[in-house]
1. Taking the Cα-to-Cβ direction at Val521 and at Ala135 and moving 7 Å from each Cα, how far apart do the two end points lie in nm?
2. Which aspartates and glutamates, if any, have their Cα less than 14 Å from the Cα of Lys294, not counting same-chain residues under 8 positions apart?
3. Using a probe of 1.4 angstrom, how much of the accessible area of the chain is carbon and sulfur, in percent?
4. Taking DSSP loops as anything outside H, G, I, E and B, show the longest stretch in the chain free of GluC sites (Glu not before Pro) there with at most 15 other beta carbons within 10 Å.
5. Give the shape of region 12-92 as rounded, prolate or oblate, defined through the alpha-carbon gyration tensor: a ≥ b ≥ c are the square roots of its eigenvalues, a/c under 1.5 means rounded, and otherwise the shape is prolate if a/b is larger than b/c and oblate if not.
6. Sum -39500 (n - 2.57) across every DSSP H segment of at least 4 residues in the chain, then divide by the residue count to get the 222 nm mean residue ellipticity, nearest 500.
7. Based on the alpha-carbon gyration tensor of region 54-137 and its eigenvalue square roots a ≥ b ≥ c, which shape applies: rounded if a/c is under 1.5, prolate if not and a/b is larger than b/c, or oblate?
8. Could you tell me which residue out of Leu306, Met33, Trp431 lies farthest along the dipole of the chain toward its positive end? Charges go on the beta carbon: Lys and Arg +1, Asp and Glu -1, centred on the Cα centre.
Amino acid sequence: MRLLRRLTQFLSYRGPDTVEVWSDGAVGFGHTMLRTTRESRTERQPANLDGKFWITADCRLDQRGELRARLEKEGLRLSQPAPDCELILNAYAVWGAECVQHLAGDFSFALWDAIGQTLYLVRDHFGIKPFYYAALGDLVVFSNTLNCIREHPAVSGELNDTAVADFLLFGLNCERSTTTFRDVQRLPPAHVLAVSQKQLETKRYWRVPSDGRIRYGHAGDYIGHFKSLLDAAVSDRMRAERVGILLSGGLDSGSVAATAAALRAQSPESMELRAYTVTYGSLLSDHDSEPARKIADYLGIPIRSLNMDSLRVFDRWDDPALMWPEPVEDPLFAGLYDQFGPIAAECRTVFSGEGSDNLMLFEMWPYAADMLRRHEWRSFCSQLSAYVILRRARLNVRRLVRRLSRRTPPLRFPSWIAADFARRMNLKERWRSVQVRWKNSDGPPHPVAPKGYASLALPHWTFLFEQSDPGVTRCPVEVLYPFLDLRIVNYLLALPPLPWFFEKHLLREVMRERLPETTRVRPKTAMPEDPVLAVLRSNPDERWWAELAWSEEMSGYVDRAALVRPDGDMDAELARTNLRPYCLNFWLRSLRSADYNP
């Protein structure tokens, strides 16, 4: 019990409201509470149902009304208002391990069935909530925070060489079931791990659907349906008195802000919205600041600029308070804390517009091939004609020339990888196979949106969600992703791409009169320059690389004599590739100097 209390107390920075533990024989749960919804005001965890089932959960459920209605139809009587963990416990009481088929939202939880003597570890459909565990003989340790597991004395600090190799080659671990540490595993998205005295069994409970098909007779039906789904997705995530919005000047985050503002105007409950935009001041030309402020002013939302102008490469890498759990390829990583710190001081939840680009990735030729396979000759002719007209209307020779001139040659296998390490791990084959895997979905290909569909299975999503989680930011604020609501995902993957995904036509139509017209029709614009390159170029005399102390472990991974010093005149991808050995070295030095496993 003493160890359980210590491990739980370690998590108090991410759950400052209450710290509680429960144990029964060989099973024990600890929970630190972060109250982010109205229903959680009186919530206590670990929670139980009649002493039969116990749960500790990091969860936020969608479609609570529908779930509650199904449970009450089964004869259950629920408290009002019922916190999300209570709904999960009752769902398990009705449907057992299949209860996950009835859940939607962002969640990772552990549920102990005292009757069946089985522990269920569950992670949500997209892996928005992290889940790590270590299975060492008869011991299973789990948490939504990697460093917490590493605090357990039975968990070693030995590295996972495959994950280290992936980082050096690709900038992140490409396996969604492992971490950089040999003893610590990830529970992949949409998976359940059942732990009993007999075995550990992992099961996938959901895949992104590829067989949906929606065809309406009137254009207004597509728009109206999507508008109602977006309203529902944002509404389910606005369950607090104050909600933040990560607001750029673009369509995606602007649409989330506009939807939240419209719902607030209709809500009888008091609710405050606040917007935050990241700026780089004199470092980069003003890209998002003014467009974001225009959106915020139009919607009547106060906005705060989070200026990253003072960042330097590998800034504060040796600060133990900012120790990140796994290596990252961004030498400006300290800026993450500068962003989330001010947000956490004002809000406990913040919206993100991520997800729209992938779900609305326009692909014409797979769509045309699908119509031919179905012998839809009339639709094929009309859609192809419409596409030609749209393309002709959007054709811009100057833009095309600029796009072609920006294309860079494919990156080569890094020459600075240590030869023995590359040979032992067969890294040249992994370099090839991982890139092939990224281009294909992990299930049946989508008939009309194969690239967008496959992109949803990339490990980059797991990385994105975990790097924005309080376990990494050390700031008690949760990021919400309404475009990754299951209702929206299912709907968008069932639509015809033309005209709805061509330049995000569907989203632009929904935003009529909700956003300023200049924002609604604004084409997607990339950041004018990679911030890392801008920092390198603005400080050409900085000699961090010359005075660098190297970790002894690096010699097993990297040939230092072959390293290429990054500079601001490189292509962005090439610079980031050549920065990875330095990033890994900084991380290893800070890792070994920290006393994570006393």
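The values are calculated or read from the model by the stated rules, or taken from the named source; none is laboratory data. The structure displayed is predicted, hence computed values, not measured ones. Counting neighbours? That spans all protein chains shown, and the Cβs are built from the backbone with ideal geometry, glycine included. In case anyone asks, the SASA skips ligands and DNA or RNA and just uses the protein heavy atoms, side chains included. Shrake-Rupley method; radii C 1.70, N 1.55, O 1.52, S 1.80 Å.
1. Between Val521 and Ala135, the label points sit 5.8 nm apart.
2. Asp286, Glu517
3. Solvent-exposed carbon and sulfur of the chain make up 50 percent of the total.
4. Between exposed loop sites, the widest span is 377-512.
5. Taking the square roots of the gyration eigenvalues as a ≥ b ≥ c, region 12-92 is oblate.
6. Numbers: 24 runs with 231 residues, N = 598.
That comes out to -11000 deg cm²/dmol.
7. Oblate, since a/c reaches 1.5 and b/c is not below a/b.
8. Trp431
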